[in-house]
Amino acid sequence: MTTQALTRGENTSLTSTVDRVRVVVGWSDDSIDVDASALLLSGGKVRGDDDFVFYNQPVSTDGAVQHLGRTASETGAEECLSLDLEDLGEDVDAVAITASLAEGTFGELDGLRLVVLDETGTPLLTYDIGEATTETAFVFGEIYRRAGSWKVRAVGQGWDSGLAGLATDFGVSVHDDPTETTAEAAVAPPGAVVPMLPTSDSLLTEPVREVGAAPGPGTPDELVEVLELPIPESGTPEALGAPSPDNAQEPRDTPASRTAATTGRRDGVRTKKQRTVVAAPVPRLAGAETWVPARLFSIYGVGGSDEQEKRATSALLSTMMGVRPFARAVSAHFGAPAGTVETYLEVPFTHGEHRVIPDGVIRIARGTKTWTGILEVKTGTGQLRKEQVEQYLDVARAEGYDAVVTLSNEIAPGMGEHPVAVSANKLKSVALFHLSWAEVLHEARMVLTHRGVGDAMQAWVLHELIRYLEHPRSGATGFDDMGSSWVAVREAVAAGTLRAGDRKVPTVANSWIRLVRQLCLRLTAELGVPVTHVMPRKLATDATERAQAAVEQLAALGTMAATLKVPGAAGALTVVADLRTSKVRVSASIPAPQEGGAQRRISWLLRQLKDAPDEILVDVHYAGQAEDTCERLGDVRESPSTLVSERTADVVSFELTAFTPLGTKRSGLKGAFIPSVIGATEAFYAAVLQPLRAWVPPAPKLAEPTSSPDDLGESDLDA
């Protein structure tokens, strides 16, 4: 497909088969921060402030438009947006693609361009911008609806008033308080100033182009990314550690508001970008490496399970009181509004003739409304009991509270699901939510390292909570046990006797689903971007179907698989645990450059894999009926021509694969299944996928002129 080049004012139609696009704003100097955004327009104006999608508000309310953040490219840097045109409301007739600068002007930038790609990553059109001058905000282009079809227009119009001025002109209510400031970077140690990365609060995002594995039997071909965590709304005073104003927007008092994260924001959006993260202080004066820094939350003297549970609960709730960004991140999981947070330990209630004491109560004030949730906590191997959970639901209903939140080491199979099945009538007026300690630890790391704490003391407190939760004595472990059925199922796979009807199989399949959730959480916290699980839409929205598909695959093939997508990575990660061969297979499918011959395309890949392990397998896929070629990377380095097919055909993609031993034990660290899967995935990403950059097509070139105007005679000009 030929990429169409537009000039200012030109437009072109998208084909009827294109209903999802990715829009890229690019520039050549990666030291400059350009922030892309999108405005959903109806009659030239936004319908409301939620129609402004940018770094502080990264997803539209319908999930159709998403801000995907920044990535590096071979020619500089890029900011990406995704648009699902099918999901846009009928009253949205256009989406304006804009960008802004915090410093400098667009006229000072080289290589400024807009690229629109289809869902396979194929460029459809480009618009190279050379007319920018003093603008600090710019409308690059517009994707608009005309007579039932979608078109793209190259706009090239700028503003000198920055993002706030541009947004205001399109009808957005901007609320930027000039008195609010971020923490001074000087209080942080060297290397502690980190850009804050936005994430998304939607459950399903756009279908992806590459997953590295075929969809399971009986599932739709359409694949979606599943975001594991809700994200607190950005830009609120609570996110900066400030109290909520008295006139703040009140939460909607409806049953739906108790079962989903709130989407209401303060009046107007905040366009100011909070750009500094204050790191916790690092002790540097120790007399020897054996000196252990003092702990705010001591792990010494932890006795039985009751004491462990109380200490972990107290550490968590006190940190939520003191570190508001962390409190907001945690409370977003159970649909609480942004506001002033207060937490209480072991509040007694009367239930019938009995006295019940939950582990904690969380109260959040927003305007004249107060949200209240009862908290029940388990640590270590403690298990939630149906009777106890239902008892707290009864107490919450009698007290007029909004929710019951359970917290344990068990990871629910999916977001919004609960590990304990309770009677439906208990949930008529009270919502039930579950958090794992792994999710709490994930949020603490994300806030401290990526989203930002603007106060040095708050950063230290949050750092101390992380130290505490990471210690084995805290009882706040991650998912580290495949369950009692693991050994029997593993041995049945090896013997070839496992069948889908075996009652032990669902337990192991569900454990795998939980492990994949933990892997996404772990990578998200490490990388600072939302790592998503890619699966067919039917499985993403139906927990029963998802579990059944895992059971069928395990019984039929002896494997458990998942595909993960890291924003900005050159391809998706596919992780396969093969119980028949006792191997973990991690792979990634990388689209090949769409120029040059086979040898040139292979050389492009090998240059980027110069530091990858020799044991990596390189599989080259050719177009048409040409046979694929596959060799060890170490062998290919010595003789790259071994990957070139004898048949003349274009290289369309590469598949890179690593095999590592699979742990067999159900739990633990040495020789255990779970750490072997996590370790193999992280090692492959770091050594193979992370250094790779996707191929970017070069800018279109003008044809060399055959003659100059001076060569034309008078008769030629007249003609």
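Given a Förster distance of 25 angstrom, what is the FRET efficiency for SER173 paired with ASP87, based on the Cβ-Cβ distance and rounded to 0.05?
The calculated FRET efficiency here is 0.55.
When a/c reaches 1.5 or more, the comparison of a/b and b/c decides; with that in mind, is segment 272-369 rounded, prolate or oblate per its Cα gyration tensor?
It comes out oblate by the Cα gyration axes.
Check which residues have an amide H placed less than 5 Å from GLY69's amide H, if you skip close sequence neighbours.
CYS80
Quick one: if the Förster radius is 30 Å, what FRET efficiency do MET321 and VAL292 give, using the C-beta to C-beta distance and rounding to 0.05?
Using R0 = 30 Å, I get an efficiency of 0.70.
Segment 466-533: which trypsin sites (Lys or Arg not before Pro) are DSSP loop and have at most 12 other beta-carbon atoms within 10 angstrom?
Answer by residue number: ARG499, ARG503.
Please report the orientation-averaged projected area of segment 391-521, defined via the convex hull of its C-alpha atoms, in nm².
Reported value for the Cα convex hull: 11.4 nm².
Direction-averaged shadow area of the convex hull around the Cα atoms of segment 483-619, nm²?
If you wrap the Cα atoms of segment 483-619 in a convex hull and average its projections, you get 10.6 nm².
Using a 1.4 Å probe on the protein heavy atoms, what percent of the accessible area of segment 71-119 belongs to carbon and sulfur?
C and S atoms contribute 40 percent here.
If the label point is 7 Å along Cα→Cβ of SER645, which residues in segment 596-611 have backbone nitrogen under 15 Å from it?
597-602
Could you list the trypsin sites (Lys or Arg not before Pro) in segment 372-461 that lie in coil according to DSSP, counting only those with at most 14 other Cβ atoms within 10 Å of their Cβ?
ARG385, LYS428
Accessible area per residue for segment 367-486 in Å², computed with a 1.4 Å probe and the full protein assembly in place, what is it?
36 Å²
Can you compute 3J(HN,Hα) from phi for each residue in segment 14-21, using the Karplus curve 6.51 cos²θ - 1.76 cosθ + 1.60 with θ = phi - 60°, rounded to whole Hz and x for Gly and Pro?
Per-residue couplings from phi come out as 7, 5, 5, 7, 9, 10, 9, 9 Hz.
Leaving out same-chain residues fewer than 8 places away, which lysines sit with a Cα under 21 Å from that of LYS504?
LYS665
Could you tell me how far the Cα centroid of segment 539-553 sits from the Cα centroid of segment 1-20, in Å?
38 Å
Quick one: Karplus J couplings for segment 98-109, per residue in order, coefficients 6.51, -1.76, 1.60, θ = phi - 60°, nearest Hz, x for Gly and Pro?
With the stated coefficients, segment 98-109 comes to 10, 8, 9, 10, 7, 9, x, 10, 5, x, 8, 9 Hz.
Between SER667 and ASN425, 0.36 nm times their residue separation minus their Cα-Cα distance comes to what?
83.4 nm
Taking amide hydrogens as modeled 1.01 Å from N in the peptide plane, which residues meet the under 5 Å criterion relative to VAL155, leaving out close sequence neighbours?
GLY9, GLY141, GLU142
Taking only protein heavy atoms and a 1.4 Å probe, what accessible area per residue, in Å², does segment 576-651 have with all protein chains in place?
Ligands and nucleic acids excluded, the figure is 52 Å² per residue.
Using a 1.4 angstrom probe on heavy atoms only, work out the carbon and sulfur share of the accessible area of segment 269-414 in %.
51 percent
Write out the chymotrypsin sites (Phe, Trp or Tyr not before Pro) in segment 299-379 meeting two conditions: DSSP loop, and at most 15 other Cβ atoms within 10 Å of their Cβ.
Passing both the DSSP loop test and the Cβ count: TYR300.
Compute the distance in nm between two label points, each set 7 Å from the Cα along the Cα-to-Cβ direction, one at ARG397 and one at GLU470.
Going by the 7 Å Cα→Cβ label model, 4.3 nm.
Given labels modelled 7 Å from the Cα in the Cβ direction, how far is it in nm from ASP29 to GLU631?
Result for the modelled spin labels: 4.3 nm.
For LYS378, go through the lysines and keep the ones whose alpha-carbon is under 19 Å away, minus same-chain ones fewer than eight residues off.
Partners found: LYS310, LYS386.
For segment 685-693, what does the Karplus curve 6.51 cos²θ - 1.76 cosθ + 1.60, with θ = phi - 60°, yield as ³J(HN,Hα) per residue in whole Hz, taken in order and with x for Gly and Pro?
After applying 6.51 cos²θ - 1.76 cosθ + 1.60, I find 4, 5, 8, 10, 7, 4, x, 6, 10 Hz.
Over what distance in Å are the Cα centres of segment 336-351 and segment 426-440 separated?
Cα centroid of segment 336-351 versus Cα centroid of segment 426-440: 14 Å apart.
Measuring from the lowest to the highest alpha carbon on each principal axis, how far does segment 369-450 reach, largest first, in angstroms?
40, 34, 20
Could you look at segment 579-636 and say what percent of its accessible area is carbon and sulfur, using a 1.4 Å probe and all protein chains?
For segment 579-636, the apolar C and S fraction of the accessible surface comes to 44 percent.
Ignoring ligands and nucleic acids, what accessible area does PHE684 show with a 1.4 Å probe (Å², nearest 10)?
10 Å²
Report the full-extension gain for the segment THR133 to HIS354: residue separation times 0.36 nm, less the Cα-Cα distance, to one decimal in nm.
Once the chain is fully extended between THR133 and HIS354, it gains 72.2 nm.
If you find the alpha carbon centre of segment 121-167 and of segment 479-536, how far apart are they in angstrom?
Centre-to-centre distance over Cα atoms comes out at 45 Å.
Between beta-carbons, use under 10 Å as the cut-off and find the net charge around GLU627, counting Lys and Arg +1, Asp and Glu -1.
Within the 10 Å Cβ shell, the charges total -1.
In nm, to one decimal, how far is the ASP542 label point from the GLU103 one, both placed 7 Å along Cα→Cβ?
5.4 nm
The values are calculated or read from the model by the stated rules, or taken from the named source; none is laboratory data. A quick note: this is a predicted structure, and the numbers were derived from the prediction, not measured. We place every Cβ from the backbone using ideal geometry, glycine too, and count neighbours over all the protein chains shown. Calculation scope for accessible area: heavy atoms of the full protein, side chains included, ligands and nucleic acids excluded. Shrake-Rupley method; radii C 1.70, N 1.55, O 1.52, S 1.80 Å.
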